[in-house]
Every structure is written in structure tokens, then in C-alpha cells.
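Asker: Quick one: this structure, given as C-alpha cells, is what I'll be asking you about.
The values are calculated or read from the model by the stated rules, or taken from the named source; none is laboratory data. Values in this document were obtained by computation on a predicted structure and should not be read as measured data. Cβ atoms come from the backbone with ideal geometry, glycine included; neighbour counts cover every protein chain shown. Please note that ligands, DNA and RNA were not included when accessible areas were found on the heavy atoms of the full protein model with its side chains. Shrake-Rupley method; radii C 1.70, N 1.55, O 1.52, S 1.80 Å.
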Amino acid sequence: MLREGGRVDVKRGIVPGTFDPVTSGHLDIIERAAALFDDLVVGVALSPNKGGGPLFTPDERVALIEQATSHLPNVSVRTFDTLLVSFAEEVGASVIVKGLRAMTDFEREFQMAALNWRLDSKVETMFIMAIPEYMYLSSSAVKEIASHGGSVRGLVPDVVCDALSRKLS
Ligand code: PNS
């Protein structure tokens, strides 16, 4: 938090994603980003066309993230269906935080960061490296394992584990 001439500047970041559903890898990035900012907004993109449509509704995805982050007082969760830089402006965030996993993420993330900078150079993109344990973890892999009856315990927060069992039963 910066104080200039009596004005208080809250440093707000956003962690955007589809979060269908939120994984332990996402949660690790959110926790580490929450420690760096006064205030962190998790932006849930509606992404209706992604991979044949998300498994969880926007409300379900928001509720799961809210439950998984209830121990983080400076984190809030919102949906968005606009350009990410417009959403950043709407919520007053100056930094987009992305998790970076294995090399496969790099090209796509590099492209998105460059395009977002082109759209609004006031919004900075920052990357946090995934820890090795979560380097190859993704929401789609979790859904695939769960849909074949495999255990995803530990790969996702417990609330998501239960929600997946209910959704896929
Ligand atoms: O979890 P995902 O699906 O990898 O997240 C991708 C997301 C939602 C961050 C990205 O698709 C996005 O920023 N969507 C908003 C639309 C936008 O701003 N597109 C231009 C950036 S290239």
C-alpha cells in the first residue's frame, strides 16, 4: 500500500482463468500472488466456447474458488466476459498475474502478455512459476482422470473433489 500526499494507493492484482475447475496448482498461484498484493481479484472467464463448453457453470466455478480461498482475506472472486485488460481496468487492477507451468505454456502466455500490453500498456503481466509438483497439472487433465473414475485427491482442493464426484456420478 503506497501513501502519497495523503492518498492511499491499493496495489491490486488479478489472477484470470477459466478455472473449470480450480486446481491445487491454481490455488498455489493464488496464495502466492495474494502475499504480493494488498488485494487480489480472481477473474473467472466465462469461456463458453472453450473445449466444448465448461463442465461447471460460472456460479459453480466462483463458489468453488471462494470456498478454496476462504482462508485468504484479501482475495475476492468475480466473473468476466470482456477483454482481460478491460476487466483489469474495471476492477482497478494494475497487474495481471499468471501461473507458468512447463515450456508448453510459454508460447501462449507470451503471446497473450504481448497482446495485452498492446491493448493497454498500463497493465503489467507478471508470471509466477508453478512448483514442480503442479508443473503438469491442468483442469482438463483433472476432468479426464475424474471422468474415468481415477482419484484426483490432492490435485484439486477437497471441495472440488466432492463437486467433481457429484457432477460426474
Ligand atoms: O485458464 P485459461 O483458459 O488458460 O485462461 C485464459 C484467459 C481467460 C486468461 C484468456 O482467455 C483471456 O484473457 N480471456 C479474455 C479475453 C481476452 O482478453 N483476450 C485477449 C488476450 S490475448
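Asker: Can you name every residue in the range 134-149 that is surrounded by 12 or more Cβ atoms within 10 Å (Cβ to Cβ) and without any contact (Cβ under 8 Å) to a residue 24 or more places away in the chain?
Answerer: Once the filter is applied, which keeps residues that are surrounded by 12 or more Cβ atoms within 10 Å (Cβ to Cβ) and without any contact (Cβ under 8 Å) to a residue 24 or more places away in the chain, the range 134-149 yields Ala141, Glu144, Ile145, Ala146, Ser147.
Asker: Within the range 1-36, can you find the residues that are more than 13 Å from the ligand (Cβ to nearest atom), touching a residue at least 60 places away in the same chain (Cβ under 8 Å) and open to solvent by less than 40 Å² (accessible area, probe 1.4 Å)?
Answerer: Hits for the range 1-36 are Gly13, Ser24, Leu27, Asp28, Ala33.
Asker: From the list Val75, Val95, Val42, Val91, exactly one residue is under 23 Å from Val156 (Cβ atoms) and more than 12 Å from the ligand (Cβ to nearest atom). Which is it?
Answerer: Val75 is the lone residue from the list that is under 23 Å from Val156 (Cβ atoms) and more than 12 Å from the ligand (Cβ to nearest atom).
Asker: May I pose another question? How about the range 73-95: which of its residues are under 16 Å from Thr125 (Cα atoms) and either touching a strand residue (DSSP E or B) at 6+ places or on another chain (Cβ under 6 Å) or among the aliphatic types (A, V, I, L, M) (or both)?
Answerer: First pass over the range 73-95, keeping only residues under 16 Å from Thr125 (Cα atoms): 83-89, 91-95.
Across the range 73-95, the qualifying residues are Leu83, Leu84, Val85, Phe87, Ala88, Val91, Gly92, Ala93, Val95.
Asker: For the range 55-65, give me the residue count where each residue is buried (at least 22 other Cβ atoms within 10 Å of the Cβ) and touching a Leu at 6+ places or on another chain (Cβ under 8 Å).
Answerer: Of the residues in the range 55-65, 1 are buried (at least 22 other Cβ atoms within 10 Å of the Cβ) and touching a Leu at 6+ places or on another chain (Cβ under 8 Å).
Asker: Test Lys122 against the stated conditions and say whether it is open to solvent by 40 Å² or more (accessible area, probe 1.4 Å), assigned to a loop (DSSP other than H, G, I, E, B) and of a type in the set (D, E, K, R).
Answerer: When the stated conditions are applied, Lys122 passes them.
Asker: In addition: Just to verify a result, which residue in the range 98-117, among those that are open to solvent by less than 60 Å² (accessible area, probe 1.4 Å) and more than 8 Å from the ligand (Cβ to nearest atom), is farthest from Val15 (Cα to Cα)?
Answerer: The selected residue is Ala102.
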